[in-house]
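Accompanying notes for the structure given below.
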Amino acid sequence: MLARSALAGTAILAPLGIAVALVAAQFYAAARRFRRIVTTSGVDIHNLMSALDEMAAACRVQRWRMTVLAAILVALATTRVSR
């Protein structure tokens, strides 16, 4: 029984972990763009808009991840444990 529940936990958490890595990569890309605003000249607006686009994409993924996590938690809270 314990092995099955551990496998189910892994099946739930693995996609969420992948989503966390994706969000982290997007935030890192946005940080690089923000850094370019300071270190370059002449393309500040382009770098700012690119950084904001990266941030928006990361926030969209983050919102979906939180929605899926909330749905999983609600589903787990409302299901009966059978013995």
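The values are calculated or read from the model by the stated rules, or taken from the named source; none is laboratory data. Since this is a predicted model, take the numbers as computed values, not measurements. Using ideal geometry, Cβ is built from the backbone for each residue, glycine included, and neighbour counts are taken over all protein chains shown.
Flag not set for L52, criterion: among the hydrophobic types (A, V, I, L, M, F, W, C) and in contact with a Lys or Arg (Cβ under 8 Å, 6 or more places away or on another chain). Applying the condition of being modelled with pLDDT under 85 and hydroxyl-bearing (S, T, Y) to segment 37-83 and asking which residue is farthest from V23 (Cα to Cα) yields S82.
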